[in-house]
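The values are calculated or read from the model by the stated rules, or taken from the named source; none is laboratory data. Keep in mind it's a predicted model, so treat the numbers as computed, not measured. Quick reminder, even Gly has a Cβ in these numbers, built from the backbone with ideal geometry, and neighbours come from all protein chains shown. We work out accessible area using only protein heavy atoms, side chains counted, and drop any ligands, DNA or RNA first. Shrake-Rupley method; radii C 1.70, N 1.55, O 1.52, S 1.80 Å.
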Amino acid sequence: MRLFFALLGCLAFAAQADDVPLRHSASLLFKHPTMLKPGQCVRYEEGGSGWVVTEPVYYLKGEVLSAEVRTRHLGKCPVVPGKTRTQYSREEFNRHAQAYPCVSAEAAARDAQIGIVRLRVTDWETPHAKRAENAGRLYRGMFIDRKLEKDMEIELEADLLGPCQP
């Protein structure tokens, strides 16, 4: 009986030591593992806001290669003193997008489990207007700072993706 409680105590300690919070993207992979199976067509979208006059929707479409949960250290988000994110240049925005997910200056850095989907790009449409340079990951034929090319591979958090429209 003592051995049982000793083992139980060791397991509880190990669980606390390895207890890393799940982000929504990781929960999605645990709750719906078949949603992002290899070969499935997925779509990442930006834009489309507005009630009366809606912005165009820009997208990146691809085929799922793999999906996994990873533990990642969430450091501080890069900040440009004196600017809000809407005032960032494309270069400043890209630095923030590459660090994401990250924590605010007030929060403590920490580890978290995130759901990552690796996909092969098949199609895209990106904004070209200057006002879109700090609005999203897609801009002027680029995904963050990489030129989009057919069959290139990228990784995104699972909760940023949706199924392709038939």
So if the hydrodynamic radius of the stretch 114-166 is defined as the Kirkwood radius over C-alpha pairs, what does Stokes-Einstein give as its diffusion coefficient at 20 °C and 1.002 mPa s, in µm² per second?
175
If the viscosity is 0.890 mPa s and the temperature 25 °C, what translational diffusion coefficient in µm²/s does Stokes-Einstein give for the stretch 11-153 when Rh comes from Kirkwood over Cα pairs?
142
With all protein chains present, how much of the accessible area of the chain (probe radius 1.4 Å) comes from carbon and sulfur, to the nearest whole percent?
56
The chain - mean residue ellipticity at 222 nm from DSSP helices (-39,500 (n - 2.57) per run, n ≥ 4, rounded to 500):
-6500 deg cm²/dmol
Taking +1 at the Cβ of each Lys and Arg and -1 at the Cβ of each Asp and Glu, which of His128, Ile154, Phe143 sits farthest along the dipole of the stretch 121-166 towards its positive end, judged by Cα position relative to the Cα centre?
His128
How much accessible surface area, in Å² rounded to 10, belongs to the heavy atoms of Lys130 with a 1.4 Å probe?
130
With the crude spin-label approximation of a point 7 Å out along Cα→Cβ, what separation in nm comes out for Phe30 versus Glu91?
4.1
Given the alpha-carbon gyration tensor of the stretch 26-80, what are the semi-axes of its equivalent ellipsoid in whole angstrom, ordered largest first, with each equal to the square root of 5 times an eigenvalue?
26, 21, 11
So how much slack lies between His73 and Cys41, counting 0.36 nm per residue of separation and subtracting their Cα-Cα distance, in nm?
8.6 nm
Qualifying aspartates and glutamates (Cα of each under 18 Å from Cα of Lys130; at least 8 residues distant if same chain):
Glu46, Glu55, Glu91, Glu92, Asp145
Placing +1 at every Lys and Arg Cβ and -1 at every Asp and Glu Cβ, with all other atoms neutral, what dipole size does the chain have around its Cα centre, in debye to the nearest 20?
180
For q values of 0.16, 0.19, 0.25, 0.28 Å⁻¹, compute log₁₀ I(q)/I(0) with the Debye formula on a Cα-only model of the stretch 69-124, without solvent.
-0.63, -0.80, -1.01, -1.09
Karplus-derived HN-Hα couplings along the stretch 66-71 (A = 6.51, B = -1.76, C = 1.60, θ = phi - 60°), whole Hz, x at Gly and Pro:
7, 9, 8, 9, 10, 8
Can you give me the Cα centroid spacing of the stretch 105-128 and the stretch 32-90 in angstrom?
6
State the answer as a single residue: which of Val20, Asn94, Cys77 lies farthest towards the positive end of the charge dipole of the chain, with beta carbon charges of +1 for Lys and Arg and -1 for Asp and Glu, about the Cα centre.
Cys77
At 1.4 Å probe size, put Phe30, Phe143 in order of accessible surface, largest to smallest.
Phe30, Phe143
Violations at 29 Å Cα threshold for listed pairs Lys83/Lys147; Lys83/Lys150; Lys37/Lys147 -> Lys83/Lys150
Residue-normalised accessible area of the chain, expressed per residue, 1.4 Å probe, Å²:
64
Find, to one decimal place in angstroms, the Kirkwood hydrodynamic radius of the stretch 78-166, where the mean of 1/r is taken over every pair of different Cα atoms and then inverted.
14.8
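Percent relative contact order of the stretch 50-115, based on C-alpha pairs within less than 8 angstrom and at least six residues apart?
It rounds to 47 percent for the stretch 50-115.
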Under the rule of at least 5 residues apart or a separate chain, name every residue whose amide H is placed under 5 Å from the amide H of Phe143.
Leu148
Leaving out same-chain residues fewer than 8 places away, which lysines sit with a Cα under 29 Å from that of Lys31?
Lys61, Lys76
